[in-house]
Every structure is written in structure tokens, then in C-alpha cells.
Amino acid sequence: MHISEGVIAAPVLIAGAAGAVAGCAVGLKKMDLENTPKVAVLSSAFFVASLIHIPVGPTSVHLVLTGLVGILLGWMSFPALLVALFLQAVLLQFGGITTLGVNTLVMAAPALLCYILFAQFVRGRNNAVAAVAGFLAGATGILLGGMIVALFLISTGEQFITVAKLFVVVHLPVMIVEGILTAFVVTFIRRIKPDVLGGVMYEKY
């Protein structure tokens with residue numbers, strides 16, 4: 001779900017960078033020493049999960065974990081994902097430096113929305129509801145990220161409309177996989193270390 005350099009028009013790059021800077025500013029303000037290890041672990045998990053790419057036509061698909069990152073970090077998703085994306089751009093040539101702001105917004109904006117929509121249910125007393133909320137968070141993170149990439153591509157020029165549509169379609173199966181994975185991780189965390197979720201009202205099985 002990385003946008004490569006030389007694809008997006010300059011105004012879109014600037015708007016994406018501005019959104020990423022604003023999000024990181026809020027995220028850093030909310031991050032303290034207690035949350036720093038969690039941010040580092042999730043940033044690393046994102047880095048590793050998106051290493052394996054499966055080529056599909058002119059694009060490729062991979063796990064992203066934005067839903068999981070979002071429900072665990074909220075606004076702190078912005079700096080966590082920015083660091084991971086920067087390292088991927090420098091070390092692995094995924095994405096790029098000029099598209100770093102856009103790519104951060106593509107990943108972190110859906111993560112934040114997943115936090116707003118689903119975090120309260122993941123932290124609730126009902127285990128089944130929490131698992132469903134985890135699945136929806138994982139799937140929604142992929143769907144929204146794909147839609148934002150498609151919007152950026154279409155904003156750059158009509159010649160990208162076909163690619164934008166393909167980008168969304170090929171990520172539909174990834175939504176299911178990511179949703180199942182996120183639900184599993186949420187269920188596991190609730191059983192092993194529920195305080196990581198922040199204020200979870202855990203109910204024994």
C-alpha cells in the first residue's frame with residue numbers, strides 16, 4: 001500500500017505531508033514514557049508485516065496491521081507509522097522520502113478512525129463483541145487505506161483511474177485476512193495482558 005515516488009502530483013504530496021505533520025504533532029503530544037515501548041513494538045510489527053509483497057498487476061498487496069495499530073495507539077499511530085515508513089523508504093526503497101507524508105497519512109488516518117470506531121468495543125466486557133470489533137478494525141483499516149490511495153491517484157490524473165480501481169479490488173481479500181488476524185490478536189491480548197488495551201473491562205472465559 002506504499003505510493004512510490006514520481007507518481008503523485010506535487011499539490012497532493014504537500015497536502016499529505018501537512019496532514020501527516022499535524023497528526024504526528026498530536027500523537028507526540030499524547031505519547032509519554034509509559035507508552036513508548038508499545039509504540040516501538042507496534043511500529044516494528046508494522047515494519048515486518050509489510051515486508052512480504054505479492055505482486056498483482058501494476059501494484060502489490062501485503063499485510064499492514066493499521067487496524068491493530070490504531071485500536072492500540074490512537075493518535076500515536078502517526079509517529080509510530082512515520083518511523084516505520086521512513087525506515088522502509090531508506091533501507092528497503094519501499095515508498096520514498098517525497099511520498100513519506102502521503103504514505104503516513106494513508107496508513108495512520110485509517111488507524112485513527114479504527115481507534116475512534118472500535119477501541120471502546122475492544123475494551124468492553126463482552127469477549128465476542130471485542131473479537132468482532134477487532135475483525136472490523138482490521139478490515140476497515142485496509143479498506144480505508146486502499147480508498148485513500150485510490151483518491152490520491154485519481155486526484156493526480158484521470159490516467160490513474162483504472163489503477164486506482166484495481167488497487168481497491170485487489171485489497172479486498174487482504175481485508176478478510178487482516179480482519180481475522182486482528183481479531184485473533186485482540187482476543188489473545190485480552191486473555192494474556194488486557195491492560196495493553198487500556199482500561200479493558202475483561203470478562204473471564
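What the table below lists for this structure:
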| read-out | value |
| --- | --- |
| Among the candidates T98, T104, residue that is under 18 Å from the mean Cα position of the chain (by Cα) and either on the phi < 0 side of the Ramachandran plot or of a type in the set (D, E, K, R) (or both) | T104 |
| Residue list for the range 13-40, filter: among the β-branched types (V, I, T) and over 19 Å from L87 (Cα atoms) | I14, V26 |
| Contacts under 9 angstrom Cβ, first residue in the range 16-43 being on the phi > 0 side of the Ramachandran plot, partner in a helix (DSSP H, G or I) and at pLDDT below 95, 6 or more apart | none |
| Sole residue being surrounded by 18 or more Cβ atoms within 10 Å (Cβ to Cβ) and either aliphatic (A, V, I, L, M) or touching a residue at least 24 places away in the same chain (Cβ under 8 Å) (or both), chosen from A128, A133 | A133 |
| Unmet requirement for L68, which otherwise passes all of (1) closer than 20 Å to V12 by Cβ; (2) touching a residue at least 60 places away in the same chain (Cβ under 8 Å); (3) part of a helix (DSSP H, G or I) | (1) |
| Qualifying residue in the range 26-41 (condition: assigned to a helix (DSSP H, G or I), at pLDDT below 90 and either crowded, with 16+ Cβ neighbours inside 10 Å or out of contact with any helix residue (DSSP H, G or I) (no Cβ under 6 Å at 6 or more places or on another chain) (or both)) | no |
| Selection count where residues are surrounded by fewer than 16 Cβ atoms within 10 Å (Cβ to Cβ) and either at pLDDT below 65 or in a loop (DSSP other than H, G, I, E, B) (or both), scope the range 42-60 | 9 |
| Verdict on T98 being hydroxyl-bearing (S, T, Y) and within 30 Å of A131 (Cβ to Cβ) | no |
| So F121, is it surrounded by 17 or more Cβ atoms within 10 Å (Cβ to Cβ) and more than 18 Å from G179 (Cβ to Cβ) | no |
| All positions within the range 103-118 that are surrounded by 21 or more Cβ atoms within 10 Å (Cβ to Cβ) and without any contact (Cβ under 8 Å) to a residue 60 or more places away in the chain | P110, A111, C114, Y115, F118 |
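Residue by residue, here is whether (1) under 19 Å from V21 (Cβ atoms); (2) buried (at least 18 other Cβ atoms within 10 Å of the Cβ); (3) at pLDDT 95 or above holds:
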position	(1), (2), (3)
H62	no, no, no
F78	yes, yes, yes
L81	yes, yes, yes
A89	yes, yes, no
F94	no, yes, no
I97	yes, no, no
G101	yes, yes, no
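The values are calculated or read from the model by the stated rules, or taken from the named source; none is laboratory data. Here the structure is a predicted model, which is why all the values come from computation and not from measurement. Don't worry about glycine lacking a Cβ; one is built from the backbone with ideal geometry, like all the others, and counts go over all protein chains shown.
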